[in-house]
Each structure stands twice: as structure tokens, then as C-alpha cells.
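Notes follow once the structure below has been shown.
The values are calculated or read from the model by the stated rules, or taken from the named source; none is laboratory data. These numbers come from a predicted model, not from an experiment. In this analysis, Cβ positions are derived from the backbone assuming ideal geometry, glycine residues included, and neighbour counts consider all displayed protein chains.
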């Protein structure tokens, strides 16, 4: 009986995913051996590999690009870098506010406001809205003098006009001429009164104006020649030195805009500092995106070449002690954590190593940007290889199905057709 089945080969693997099973049942009656195959069709394996690889590499590139964009905000050479952003804090924001532009110097100023700049305001008398006009009928001419120039204006008044209609005609004449004066008519329905307000468009002593009748009584009768508020310059002191300004916004140096809202009883302080809130917020964002990428690589480590995870895992290896000094530490799982209190303390003390530790060559965020650029420009077959290229010299590794699929995808464009 043994001689009748001596020609049979033992069971053997055909490839990584397919195994030839040979069975023979030996009893009193010899039977023909059963040969069976248990495997997925090859095209299904290729389809699964392609979908899995495309999805994994696509997610890797997406997470990497997202991380690179977040890290770019810490490029100290960029004027928009959060390291170059400044905040200006006022000790009395109700009276004085400030806005730091660009990389303003980290310093402080004492500011005292004796008088804010103001526009001139003339207000007419309160007139009964529906009462007959007090302006004489016919042509009424009047002159407005502002910025050293005289302008002549005119209105025609009918005997049937109401007080509101006369005021409206004066307002229209002033606004249409474009004198740098804004005329606004107010009608109070509750009291049945109307009045006209003339306000210089800009602040400052040079914006003072006068308005007088030339013919008729339109200005005198309505009371528009009465000044309710004089035009004036702002008077203020910076670090004890007195200045004047036609506006309530002044510039200190090239990068600090200061706005006056009201006079102060004493000198107040404006302190220019780094934007702590933006730095903390953006650094949290970078670490979140880095940790998301690390977790993704850990969960999909078999989808990528070993060097991909290894290089990201060593991103902070060059200056871990300095990172710890500003509150960044490595957890057991390889992700990075931030102690906000420690970072804020370093920022408060103007730690000169913050920018160096984060963005200088060899700094954490410089390393992230460099590694991200490397990944984004690496051919996908080097990212997705299941074994290092050095092992491809081994026939076993070179002819593993994943590597065969990879070689085909790289040469036919199949991968990119599915990825994009």
C-alpha cells in the first residue's frame, strides 16, 4: 500500500498567501489522495493592498502637511511668526489702548493724556418739527469757513415750509458740497422737536469752522452759528515729554499704535511683550498635530517603511533637556506634552532660549518642518515599502506579494490613480 502513494509530494507553500494541502486517507482500502487549495484570488489581494496602502499613505501625507503648516507659524524669520507677534497691555484700557504691529520692541512706556483731540460741533436750536419755518422766504445765502477757505452755500425757502424742512435743506446743502463737515438732522417723535448738528469730519484744532449768513437769516434764525464743542488737538506726554496730535491715534516708534479715549488723572503704563496667548495656543496646536501623526504611525506601523516611524520618533532627541525647560516633555508612548505654566513662566522671564529651542536649526519645530518636507517629497514606494530596499536582494523578500504589488503600482501609476 505504501508503494502505491510513494509518488506523492509533501504539502508545500506556493507563496505567502497560498498553501497546497495534500491529504491521503490510508485504511484497508487505498484511495486517491485529495489535493485542495485555500486562498483568496490574487486580484482580491492586490485590490486590498492597493486600497489599504493608498489610504494609509494619503493619511500620512495629510497629517504631515497639516503639521508642517502649524510648525511654519514658528519660523522666526517670518514677520508673521507667532514668535514675532507682540501684545500691548494698558494699565487703563478705558482711557488708553495700544496695538503692537510686527516685531515691536519688548519695552514699556508711561503715557499721560491731558486732553483728547476733538471735532467742532455746532447744534441748531430745538425747533417744533411741524411749526412754520423761522427762516425767511426766498433765497438764503450763507458762508462756511474751514481750513482757511470760504465756501458759499444757498437754499430757497418757501413760506409754507416747516422748521424741519428748512433744517433739511441746510443739511443737504452742506453735505452735497463736501466741506469736511457732516450735517445730521434729528427728529424726535416723542417731543416733536427737530435739530441740526454740524460736525467737522476730522479732529484737531485745524478743523475749526465758522458759519454765517450772507443773505437772509437761515443760520442766525436756526441757531447754527452757536458752537457746542470746540475743535482741539490731543495733548499728551510720553515718558514725561509733552506732545500734541490732531488725532487720538499716535504711533510710538515704528510698530506701536496708541489710541486715546479720554483724559487720564495720572500717568498710565503701556507694556509691550510677546503674545503669550498666541504662542501657547499655536504650540498646543503643533503638539496636537504631532501626537496625532505619531499615534497614526504607531497604529499603522506595518504599512510603512521602518525609517518613517523611527525618524518621527527621534524628532526631539537633540534638545530634550532644553524642551523640558520650557515645558515640553515626552510621554511613555512617544507623544509630546506641554506644561503651560512652565512655558508661561519662561515667557514671563523673556527666556532667550525659547525661540532658539523651537525654531533655530536643530530646534524642535525646525526639525518638524525639515522632516515634514522630507516626507512630502519622498517617493511613495519608499514610504510604503514593507521591507527596506537592502533586503530586496533576498529572493524571498523581493517576491513577497506586497513587494510585487508595490513594484507594479510604482511602475504603472496605479497607486496615484487611486490616491488622487
For segment 202-218, state whether one or more residues are under 28 Å from residue 268 (Cα atoms), crowded, with 21+ Cβ neighbours inside 10 Å and not assigned by TED's automatic domain parsing to the domain that holds residue 111. yes
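Here's the yes/no breakdown for (1) outside the structural domain of residue 106 (by TED's automatic domain parsing); (2) under 21 Å from residue 372 (Cβ atoms); (3) at pLDDT below 80; (4) loosely packed, with under 13 Cβ neighbours inside 10 Å:
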{"position": "288", "(1), (2), (3), (4)": "yes, yes, no, no"}
{"position": "305", "(1), (2), (3), (4)": "yes, yes, yes, no"}
{"position": "337", "(1), (2), (3), (4)": "yes, yes, no, yes"}
{"position": "346", "(1), (2), (3), (4)": "yes, no, no, no"}
With respect to residue 311, determine if the residue is under 30 Å from residue 384 (Cβ atoms), in contact with a helix residue (DSSP H, G or I) (Cβ under 7 Å, 6 or more places away or on another chain) and in the same structural domain as residue 366 (by TED's automatic domain parsing). yes
Matching residues in segment 172-198 (more than 26 Å from residue 138 (Cβ to Cβ) and crowded, with 20+ Cβ neighbours inside 10 Å) number 0
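Looking at this structure, is residue 197 more than 30 Å from residue 113 (Cα to Cα) and touching a residue at least 40 places away in the same chain (Cβ under 8 Å)?
Working: more than 30 Å from residue 113 (Cα to Cα): no; touching a residue at least 40 places away in the same chain (Cβ under 8 Å): yes.
For residue 197, the condition - more than 30 Å from residue 113 (Cα to Cα) and touching a residue at least 40 places away in the same chain (Cβ under 8 Å) - is not met.
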Among (1) modelled with pLDDT under 85; (2) in a strand (DSSP E or B), where does residue 102 come up short? (2)
Subset tally (residues that are exposed (fewer than 15 other Cβ atoms within 10 Å of the Cβ), touching a helix residue (DSSP H, G or I) at 6+ places or on another chain (Cβ under 8 Å) and assigned to a strand (DSSP E or B)) for segment 110-138: 2
Report those helices (runs of 4 or more DSSP H) wholly inside segment 282-387 carrying at least 1 residues which are over 18 Å from residue 60 (Cβ atoms) and within 27 Å of the chain's Cα centre (by Cα). 320-325, 340-348, 353-359, 364-376
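Could you tell me which residue of segment 67-109 is surrounded by the most Cβ atoms within 10 Å (Cβ to Cβ), considering only residues that are out of contact with any helix residue (DSSP H, G or I) (no Cβ under 8 Å at 6 or more places or on another chain) and under 14 Å from residue 358 (Cβ atoms)? Show your work before the answer.
Taking segment 67-109 and keeping what is out of contact with any helix residue (DSSP H, G or I) (no Cβ under 8 Å at 6 or more places or on another chain), we get 69, 77, 79-80, 84, 86, 88-109.
From the residues that got through so far, the ones that are under 14 Å from residue 358 (Cβ atoms) too are 77, 84.
Numbers: 77: 8, 84: 18.
By that ranking, first place goes to 84.
Do you know which residues across segment 248-266 are assigned to a loop (DSSP other than H, G, I, E, B) and surrounded by 17 or more Cβ atoms within 10 Å (Cβ to Cβ)? Outline the logic, then answer.
As a first pass, look at segment 248-266 and keep what is assigned to a loop (DSSP other than H, G, I, E, B): 248, 253-255, 261-266.
Matches in segment 248-266: 248, 264.
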